[in-house]
Amino acid sequence: MRKIAVAMAKGGVGKTTTAVNLAHGLASQGKRVLLVDCDTQGQVAKFLGEKPPYGLYEFITERRDDGQYIARNNTIHPSRRNLWILDGGIRLVELKNWLGEQPREIRQTVLAQKLVPKEGKLDFLIFDCAPSWDVLSVNILMAANEVLCPVAMQGPSLQGLKTFFRYLQSAQKLNPDLRLEYILPTMFDRRTRHSHDIFNQLKQYFKRQVCDPIHYNVRLSEAPSFGQTIFEYAVRAQGACDYTYLIERIMNHGDRQE
Ligand SMILES: Nc1ncnc2c1ncn2[C@@H]1O[C@H](COP(=O)(O)OP(=O)(O)O)[C@@H](O)[C@H]1O
Ligand SMILES: [Mg+2]
């Protein structure tokens, strides 16, 4: 099973857009995917037009709001064929408190310990991360082994990257299996010089990891308001082509398709 964290220390760079479309694209290819929303904003369910009754909080603590026991399997919400979600949202604030109260030795690895699907049940675990760095983010990076880092080709995007690499290095000390596998340029606007400049800089620093860019595409920003992925909302749009290409690359374990 592949375990991919979509992470970057900056909001609004396309993390959720990438996590949702990647997860649905893989599921459409017949892969069994669990998408875990690790952000208090709880955007994953909204992007998919879902309202799951339970989520990651209940999954980890095995408790409902009223304190009653709930089995883990009942906290996982089926969303599409081959695609399940573990909802995030505001309850994750409580989850962080709960994690903070666990004994120091296990605090950072609770998620990794609990999120172990039965053999053959899942092909991909995808984590949609929050931009912040806290006990939950550390837990995700202990549970994942590949990192996909979206970088917006607009604004001062390389700033967030430096901070993020500091985080990543400290996580790698605790989880030596964790590899930065994909750097995904997002919101690429081929008409602007700025987009090309940042893209070229990225290519200089990171050769192997830099993926073909996801272009700025208005369909990608419209789809969530209909609770649809790009493959449902506008399968012929540039955004769908770009994500299809990324999915092929990921299915080929990072090897570029020519
Ligand atoms: N390639 C893109 N082209 C146009 N809009 C995009 C693109 N990627 C994301 N967006 C839009 O930008 C906003 C931020 O994206 P989001 O995925 O929520 O970022 P993050 O999860 O990093 O905060 C959303 O409104 C989303 O619909
Ligand atoms: Mg997000």
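FYI, it's all coordinate maths here, none of it is from the lab. No experiment lies behind these values; they were computed from the predicted model shown. A quick note on method: Cβ atoms are made from the backbone with ideal geometry, for glycine too, and the neighbour counts reach across all protein chains shown.
Under the combined filter of DSSP loop state and at most 10 neighbouring Cβ atoms within 10 Å, region 65-153 retains none of its chymotrypsin sites (Phe, Trp or Tyr not before Pro).
Do any trypsin sites (Lys or Arg not before Pro) in region 127-209 lie in a DSSP loop with no more than 16 other beta carbon atoms within 10 Å, and if so, which? Those satisfying the criteria are Arg190, Arg191, Lys207, Arg208.
Taking every DSSP beta bridge that has both ends in region 18-111, the antiparallel portion is near 45%.
In the elastic network of the chain, a GNM with C-alpha springs shorter than 10 Å, the most mobile of Val135, Val210, Val116 is Val116.
Pairs of Cα atoms nearer than 8 Å and 6+ residues apart set the relative contact order; for region 153-258 it is 23 percent. What residue among Ala71, Ala240, Ala144 has the largest mean-square fluctuation in a Gaussian network model of the chain, using Cα springs under 10 Å? Highest fluctuation among the options: Ala71. Fewest-first ordering of Tyr243, Tyr167 by other beta carbons within 10 Å of each residue's beta carbon gives Tyr167, Tyr243.
Where both bridge residues fall in region 2-251, DSSP classifies roughly 15% of the beta bridges as antiparallel.
Near Arg219, once Lys and Arg are set to +1 and Asp and Glu to -1 for all other residues with Cβ below 13 Å from its Cβ, the sum equals -2. From least to most packed, judged by other beta carbons within 10 angstrom and beginning with the fewest, Phe164, Phe47, Phe206 follow the order Phe206, Phe164, Phe47.
In loop segments of region 16-116 as defined by DSSP, the trypsin sites (Lys or Arg not before Pro) with at most 12 further C-beta atoms inside 10 Å of their C-beta are Arg81. Summing charges over all other residues whose Cβ lies under 14 Å from the Cβ of Glu94, with Lys and Arg as +1 and Asp and Glu as -1, gives -3.
Build a GNM of the chain with springs between Cα atoms under 10 Å apart, and of Pro117, Pro103, Pro53 the one that fluctuates most is Pro103.
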